[in-house]
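The values are calculated or read from the model by the stated rules, or taken from the named source; none is laboratory data. The structure displayed is predicted, hence computed values, not measured ones. Virtual Cβ from ideal backbone geometry, glycine too; neighbours counted across all protein chains shown. Just the protein is used for accessible areas: all its heavy atoms, side chains included, with ligands, DNA and RNA removed. Shrake-Rupley method; radii C 1.70, N 1.55, O 1.52, S 1.80 Å.
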Amino acid sequence: MFSKSDPQTSAEPACPFGIEASVSAKVNLADYQNSVPIIRDLTVSNQSGVDRKTLELRLHAVPPVVRPKTWRLEVLQSGETYRIKELDVTLDGPTLARLTEAESATLNFELVPGDHDEALVRHEVVIEMLPRNQWGGLSGTPEMVAAFVQPNEPAIERVLKRTAEALRASGKDSALNGYDKGATHAWELTAALWSAVTSMKLDYALPPASFELRGQKVRSAAQIADSGLGTCLDLALMFCSALEQMGLNPLLIFTKGHAFVGVWLKPVEFSTPVVDDIT
């Protein structure tokens with residue numbers, strides 16, 4: 001026999017309804033601008049022993065980084081786990097644009113009978129909202145690092161002017177015309193860009209620990225030019241921006257604690273945005 005204070009008699013009964021959500025751990029303005037889906041999987045379940053009709057699954061966020069969303073279910077049968085198929089939700093651009101530092105947000109899911117507002121079950125997911133100049137790392141959505149390649153930034157034009165001058169000084173064709181004149185000229189463009197960047201006399205800044213997994217704030221090309229400082233990722237992204245503006249296809253490569261750049265010498269590219277090399 002158990003006393004009234006015994007935890008086995010005072011525990012609340014398990015809820016017969018459930019919500020499970022797989023959501024991106026980090027979001028920033030680039031996700032909004034590129035319509036990146038942040039909900040990967042969403043299910044509701046009914047173990048009540050009774051079929052439930054006319055249910056609503058409601059989503060709201062605090063602060064409102066995601067606009068409210070309602071999914072309507074005609075019936076959720078007893079013993080059923082139902083997977084929501086339509087997962088599109090809208091990020092709130094102004095909320096993300098105002099950030100200067102990372103902040104937390106809570107996504108609140110509620111399963112509610114359609115005829116009243118008393119929730120059958122609630123589920124909360126905490127995510128991190130990143131400022132527009134912060135990449136979330138390989139552990140999040142790694143391909144979003146491409147959003148920080150900005151070939152049209154004015155500072156890139158100044159780097160490319162140095163590149164053309166370096167080509168001219170070495171007796172090479174100074175046209176920054178990508179693959180138009182073959183692989184040899186693509187190599188000459190890349191080598192001249194390297195000379196142009198080294199002539200800026202930039203100094204290396206140490207990146208945050210495990211930046212390749214956790215992400216970091218990214219300096220723009222203009223910030224690098226003004227301060228003369230950059231982490232390996234900052235400099236690699238600037239280099240990628242210049243390569244792209246010259247019409248070449250860059251690669252951004254991550255290893256443990258480091259990021260660096262490659263370039264295709266012929267007009268080819270990978271078939272997917274992210275390629276893992278276990279070697």
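For K172, only one of the following conditions fails: (1) open to solvent by 40 Å² or more (accessible area, probe 1.4 Å); (2) out of contact with any Asp or Glu (no Cβ under 9 Å at 6 or more places or on another chain); (3) over 30 Å from A25 (Cβ atoms). What is its number? Every listed condition holds for K172 apart from (2). Scan segment 37-52 for residues that are hydrophobic (A, V, I, L, M, F, W, C), closer than 14 Å to L120 by Cβ and surrounded by 12 or more Cβ atoms within 10 Å (Cβ to Cβ) and the total you get is 1. Checking each residue in segment 121-142 for being open to solvent by 40 Å² or more (accessible area, probe 1.4 Å), of a type in the set (A, V, I, L, M, F, W, C) and at pLDDT 95 or above picks out only V126. Contact map, segment 200-224: first residue within 18 Å of A30 (Cβ to Cβ) and open to solvent by less than 20 Å² (accessible area, probe 1.4 Å), second residue among the aliphatic types (A, V, I, L, M) and part of a loop (DSSP other than H, G, I, E, B), Cβ cut-off under 6 Å, separation 6 or more or different chains; pairs are E212/L138. Being farther than 20 Å from Q245 by Cβ, open to solvent by less than 20 Å² (accessible area, probe 1.4 Å) and not in a strand (DSSP E or B), is that true of even one residue in segment 103-120? Yes. Evaluate segment 53-76: report whether one residue or more is in a loop (DSSP other than H, G, I, E, B) and crowded, with 18+ Cβ neighbours inside 10 Å. Yes - at least one qualifying residue is present in segment 53-76. When segment 225-262 is filtered for residues that are open to solvent by 40 Å² or more (accessible area, probe 1.4 Å), touching a residue at least 12 places away in the same chain (Cβ under 8 Å) and among the charged types (D, E, K, R), the ones remaining, listed by number, are E244, K256. For G137, the conditions (1) at negative phi; (2) assigned to a loop (DSSP other than H, G, I, E, B) all hold with the exception of (1). Close contacts from segment 85-114, counting a first residue that is under 19 Å from V75 (Cα atoms) and at pLDDT below 95 and a second that is hydroxyl-bearing (S, T, Y) and open to solvent by 70 Å² or more (accessible area, probe 1.4 Å), with Cβ to Cβ under 6 Å and a gap of 6+ residues or different chains, come to G114/T54. State whether the residues of segment 174-197 include one that is touching a helix residue (DSSP H, G or I) at 6+ places or on another chain (Cβ under 8 Å), among the charged types (D, E, K, R) and in contact (Cβ under 8 Å) with a residue 40 or more places away in the chain. Checked against the condition, which is being touching a helix residue (DSSP H, G or I) at 6+ places or on another chain (Cβ under 8 Å), among the charged types (D, E, K, R) and in contact (Cβ under 8 Å) with a residue 40 or more places away in the chain, segment 174-197 yields no hits at all.
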